[in-house]
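Student: Below you'll find the structure I mean.
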């Protein structure tokens, strides 16, 4: 009987030990499930907590996790309270066995079972409490909050002290005003007395002073001793040639130099009789001296006449400007524009008027003080007046019209003999056009 009772007690002891192991497994599952639930819910709760930062107290941040831990703890206590009921059944069974085994053996076994139960119960309860405290401690760890909103801008500070004055800036320029309307043309003044004879000078643009005339070429022979042959001094592409013989009202027009050599021409009526050999063609107009009066201009295109009166000019009674060619007025054109050479009625000196082609008016007068009686012929090139001697063999006088003073220049022109009717310079080709003893001739102008 004692062996049977001992065997029964050993079986019961193994069963009690199995139940204790099951209780440990359930405690472990409860702990793991609480931790997993906590880790799953922490991100969502953390987002809610961050959104409500500054609106809730810190104690509410951990309320939810704490309730989860409390529920796990209650469940564990219920299981532990359920074990005494099972022990009560075991005691009833032990009473029956004690009747057979004996009082001593029963007391000894009961004492051992109670001791083991108390020891196991205390161990598991303490272990559960330690685990619960660990989870509660980690669940109470505060999470970092979200970044706060930026603060308001601060107020402006007080202005600083005034700095030292800067350096003076550059002086501004006033914009040029608009050009005013030209004033009315004033009345022509009285010619002044002749000035003192100046000394010759070479203070002029060197390249505009003529050194000599070279490469003479005869073009053709004319029937008349007196006359003028001309090309337009302004229009570069106009190759026409005009011929004006002495004292007439018609001009012969040749289409080219070949037509001139073949004497194939057209007649142009200029409406008035011209006098002398001092004519020129410039920019489509024929400038000439109307017999018995002042000068005049005829427009080839419009067929209109434009007159210009020159006061205090010798123009009749055989008081010629250029005696050899029977000329009172001589027109000239060069790089500076249009000029008119005449003899002053005040002192009979050679005077030059600069003309405005558009208005056909005088812009200035230059008195050279050179006597007309010493002149054979004259022409203007590059702003300088050149005058020949009475035999037209040599240039003996030069005057800078732009600076108003004589220039020391002389050079040979031709051999003596015969009548030199005309000398005219063309700025278009820099040639000198000559009517000499019925021959029309070209010279190349050689400048210094």
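The values are calculated or read from the model by the stated rules, or taken from the named source; none is laboratory data. None of the values given here were measured: they were computed from a predicted structure. Cβ placement follows ideal geometry from the backbone for every residue including glycine, while neighbour counts extend to all protein chains displayed.
Table: residues versus (1) in the same structural domain as residue 322 (by TED's automatic domain parsing); (2) surrounded by 16 or more Cβ atoms within 10 Å (Cβ to Cβ); (3) not in a strand (DSSP E or B).
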site: 409; (1), (2), (3): yes, yes, yes
site: 418; (1), (2), (3): yes, no, yes
site: 421; (1), (2), (3): yes, yes, no
site: 429; (1), (2), (3): yes, no, yes
site: 433; (1), (2), (3): yes, yes, no
site: 441; (1), (2), (3): yes, yes, no
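Student: Hey, among 322, 308, 385, 340, which residue is out of contact with any helix residue (DSSP H, G or I) (no Cβ under 7 Å at 6 or more places or on another chain) and at pLDDT below 95?
Tutor: The conditions single out 308.
Student: Still on this structure, please answer the following. Scan 257, 296 and give me the residue that is under 19 Å from residue 427 (Cα atoms), under 58 Å from the mean Cα position of the chain (by Cα) and without any contact (Cβ under 8 Å) to a residue 40 or more places away in the chain.
Tutor: 257
Student: Can I ask one more? Going residue by residue through the stretch 390-400, is there one that turns out to be more than 23 Å from residue 276 (Cβ to Cβ) and without any contact (Cβ under 8 Å) to a residue 12 or more places away in the chain?
Tutor: no
Student: Enumerate the strands (runs of 3 or more DSSP E) found wholly within the stretch 240-307, keeping only those where 1 or more residues are surrounded by fewer than 17 Cβ atoms within 10 Å (Cβ to Cβ) and at negative phi. Walk me through it before giving the result.
Tutor: Working: elements: 241-245, 248-254, 265-274, 280-282, 285-289, 295-299.
Correct list: 248-254, 265-274, 295-299.
Student: Another question about this same structure. In the stretch 211-232, which residues are part of a strand (DSSP E or B) and either more than 20 Å from residue 281 (Cβ to Cβ) or not assigned by TED's automatic domain parsing to the domain that holds residue 265 (or both)?
Tutor: Step one: list which residues in the stretch 211-232 are part of a strand (DSSP E or B), which gives 211-221, 227-230.
The answer is 211, 212, 213, 214, 215, 216, 217, 218, 221.
Student: Answer yes or no as to whether residue 356 is loosely packed, with under 15 Cβ neighbours inside 10 Å and farther than 24 Å from residue 216 by Cβ.
Tutor: Considered against the rule, which asks whether it is loosely packed, with under 15 Cβ neighbours inside 10 Å and farther than 24 Å from residue 216 by Cβ, residue 356 comes out as yes.
Student: Right, another one. State whether the residues of the stretch 256-276 include one that is assigned by TED's automatic domain parsing to the domain that holds residue 303 and touching a helix residue (DSSP H, G or I) at 6+ places or on another chain (Cβ under 6 Å).
Tutor: No, the stretch 256-276 contains no residue that is assigned by TED's automatic domain parsing to the domain that holds residue 303 and touching a helix residue (DSSP H, G or I) at 6+ places or on another chain (Cβ under 6 Å).
Rundown of residues vs (1) modelled with pLDDT under 95; (2) within 20 Å of residue 390 (Cβ to Cβ); (3) within 56 Å of the chain's Cα centre (by Cα), yes/no style:
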position	(1), (2), (3)
406	no, yes, yes
414	yes, yes, no
418	yes, yes, no
431	no, no, yes
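Student: Looking at the stretch 324-342, which of its residues are assigned to a strand (DSSP E or B) and in contact (Cβ under 8 Å) with a residue 40 or more places away in the chain?
Tutor: 327, 330, 331, 332, 333, 334, 338, 339, 340, 341
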